[in-house]
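J.: One structure coming up, written as structure tokens, with questions to follow.
The values are calculated or read from the model by the stated rules, or taken from the named source; none is laboratory data. As the structure is a computational prediction, the values presented were derived from the model and not from experiment. In this analysis, Cβ positions are derived from the backbone assuming ideal geometry, glycine residues included, and neighbour counts consider all displayed protein chains. Protein only, heavy atoms only, side chains kept; ligands, DNA and RNA dropped before computing areas. Shrake-Rupley method; radii C 1.70, N 1.55, O 1.52, S 1.80 Å.
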Amino acid sequence: MIVDTGSAAAWESDPYVVPWPEMRPFWAAAAEGRFMMPRCIACQKYHWHPRPLCPFCRSSDIELVESRGQGTIYSYGIACTWTPPHAVAFVETHEGPVILTKIVDCDLAELRIGLPVRVKLMPVTGGRSLPFFTPHR
Amino acid sequence: MDLRGAAYVVGAYEHPTRHAPDKSVALLHMECARGALEDAGLGFEDVDGYFCGVDAPGGTAVYMADYLNLNLRHVGGGELGGSGPIGFVGHAAAAIAMGKCNVALITMAGRPRAEGQRIGTERQTFTPDFPFAPWDEHFDWTISTLYANYARRHMHEFGTTSEQLAWVKVSASHHAQYNPLARLRQVFTVDDVLNSPMVSDPLHRGDCCVITDGGGALVIAKPEIARSLNRPRVKLRGFGEYNKVNNGGMIDMVHSGAAGSGPPAFAMAEVTPSDIRYASIYDNFTPMVIMQIEDLGFCEKGEGGRFVMDGNLISGVGRLPWNTDGGGMCNNHPMNRGGMTKMIEAVRQLRGEAHPKVQVGDCSIALASGPGLINGVGHFHSTAILERE
């Protein structure tokens, strides 16, 4: 397997990564194509946005679990004034948390609440990779 | 200690401008402050407490107080978004009740129109220090696409329709036609809204508020001072505030923060929604009005779309006269923040100083309510219940 060390270096200097040293494992995994979801070992709940303290039981025993990468559209809105238009959505993940994202590689007319989607990690400006979603065909 | 009767709104002023290319933001704050103090019959030398949001140059009351040359015993404020001026009324009342100040000034102003902002449709950039920014930045979301999400979910869960959303704009426009300063004075029909361009599907252009320059100010005073002034007395009777969070991703998209700020405000005031003669409810986008009307208890959850139909929000026509200045929908949305103008029109109604065509008869109790910042990213909400004494 060819490892693209160039992109790995890129995420490390992303201005949205640098101030959050405790979250580096999330971005390292994302750069390798693995979408991690934080889960509390104490109360077993997943949460989003990721943080090293459980927002529910306040335990600091958090593990990053590779997400199944699947979910359904919880709601969406289409930015019609942009060229081209795009869909900003909230996706209800298989693990439970509902996360803000953008739906890519889709026909905007096919979108509906409840539509199955799967994650597509893609690098953004700055170098870190974010969980976009695409219809699951 | 509760805040019922702890303070009065003795001064209120809405800046007449809607476009201010030749004025600084600091000057707009100054002019608003002067207008509200003149309205109250007080002077700058009487102010000993000051509250403002990050719309004030420098981002804190401390710097703005220097420009205004205030001699303060108490400063407050902070970033509560558009809800700020309503929240600050409660915070000022608490400060007054504790003896920290006697006369509190609240200002809000800005000039997004002169600066060419397209606040609803342009990309919002949050710096990396915001707790959510690493995860939410770069998805090309805009404020209107987030509200489009909330609208669509409400439609999905409750059957709310685009026609029902349009009634919010239609109602505001019926009021704005009588306001010579309103940014939009055109009377809209439901079809006008539905035929307007789609901005963020399912929201049309008509579902969005206006972008205007300007601002406003309020003067809050302790009861003894209010009684010494030659103005109709507007008493704070109830107040509530609530900060709605994402709850670790277990989000609730169909309730606004009003579900948290409304009940304590009504409990403090010892009134129910049916006692409210007039309501100012912040209208950045039409679905937000429907959600707040439900969450404040004016109707059952999910019934807001049906509630607003057929002119039920139009003064003299419906059950809940609302935003009789034309609201953010049509009149004014200075600095992209709606709380100030909501408070001001509620004060006008209680004093009997609204436009005669929209003045509510015997307006004894009014409510002002509004969200700040963005539901699902950070959402503060405050509700004030005011009484004419």
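J.: On the basis of being away from chain A (no Cβ under 14 Å) and free of Cβ contacts under 8 Å to residues at least 40 places away in the same chain, does B:Phe298 make the cut?
T.: yes
J.: Scan B:Asn179, B:Asn149 and give me the residue that is buried (at least 16 other Cβ atoms within 10 Å of the Cβ), in a loop (DSSP other than H, G, I, E, B) and in contact with a Gly (Cβ under 6 Å, 6 or more places away or on another chain).
T.: Working: B:Asn149 fails: in a loop (DSSP other than H, G, I, E, B).
Exactly one of B:Asn179, B:Asn149 is buried (at least 16 other Cβ atoms within 10 Å of the Cβ), in a loop (DSSP other than H, G, I, E, B) and in contact with a Gly (Cβ under 6 Å, 6 or more places away or on another chain), namely B:Asn179.
J.: Continuing with this model, one more query. Got at least one residue in region A:67-78 being of a type outside the set (Asp, Glu), under 28 Å from A:Leu115 (Cα atoms) and more than 19 Å from the chain's Cα centre (by Cα)?
T.: yes
J.: Which of the following residues is open to solvent by 60 Å² or more (accessible area, probe 1.4 Å), hydroxyl-bearing (Ser, Thr, Tyr) and more than 14 Å from every other protein chain (Cβ to nearest Cβ): B:Ser280, B:Ser274, B:Ser256? Full working, then the answer.
T.: On the way: B:Ser280 fails: open to solvent by 60 Å² or more (accessible area, probe 1.4 Å); B:Ser256 fails: open to solvent by 60 Å² or more (accessible area, probe 1.4 Å).
From the options B:Ser280, B:Ser274, B:Ser256, the qualifying one is B:Ser274.
J.: Please enumerate the residues belonging to region B:103-144 that are under 21 Å from the mean Cα position of the chain (by Cα), at the interface with chain A (Cβ under 7 Å from one of its Cβ atoms) and open to solvent by less than 10 Å² (accessible area, probe 1.4 Å).
T.: Scanning region B:103-144 gives a single hit, B:Thr142.
J.: Go through region A:56-101 and report how many residues are open to solvent by 20 Å² or more (accessible area, probe 1.4 Å) and more than 30 Å from B:Ile119 (Cα to Cα).
T.: Residues in region A:56-101 being open to solvent by 20 Å² or more (accessible area, probe 1.4 Å) and more than 30 Å from B:Ile119 (Cα to Cα): 16 in total.
J.: So B:Glu387 fits all but one of (1) closer than 24 Å to B:Gly11 by Cβ; (2) in a loop (DSSP other than H, G, I, E, B); (3) open to solvent by 10 Å² or more (accessible area, probe 1.4 Å); what number is the exception?
T.: In the conditions (1) closer than 24 Å to B:Gly11 by Cβ; (2) in a loop (DSSP other than H, G, I, E, B); (3) open to solvent by 10 Å² or more (accessible area, probe 1.4 Å), B:Glu387 misses (2) alone.
J.: OK, next. Condition test on B:His355, is it over 13 Å from B:Arg277 (Cα atoms), open to solvent by less than 10 Å² (accessible area, probe 1.4 Å) and of a type outside the set (A, V, I, L, M, F, W, C)?
T.: no
J.: Here is a further query. Within region B:154-166, does at least one residue satisfy the condition of being among the β-branched types (Val, Ile, Thr) and facing another protein chain (nearest Cβ under 7 Å)?
T.: So the first thing to find is which residues in region B:154-166 are among the β-branched types (Val, Ile, Thr), and the list is B:160-161.
This time we only want the ones that are facing another protein chain (nearest Cβ under 7 Å), so: none.
Checked region B:154-166: no residue is among the β-branched types (Val, Ile, Thr) and facing another protein chain (nearest Cβ under 7 Å).
J.: Which numbered condition trips up A:Leu64, out of (1) under 13 Å from the mean Cα position of the chain (by Cα); (2) at the interface with chain B (Cβ under 8 Å from one of its Cβ atoms); (3) without any contact (Cβ under 8 Å) to a residue 60 or more places away in the chain; (4) over 30 Å from B:Met155 (Cβ atoms)?
T.: The number of the failed condition is (2).
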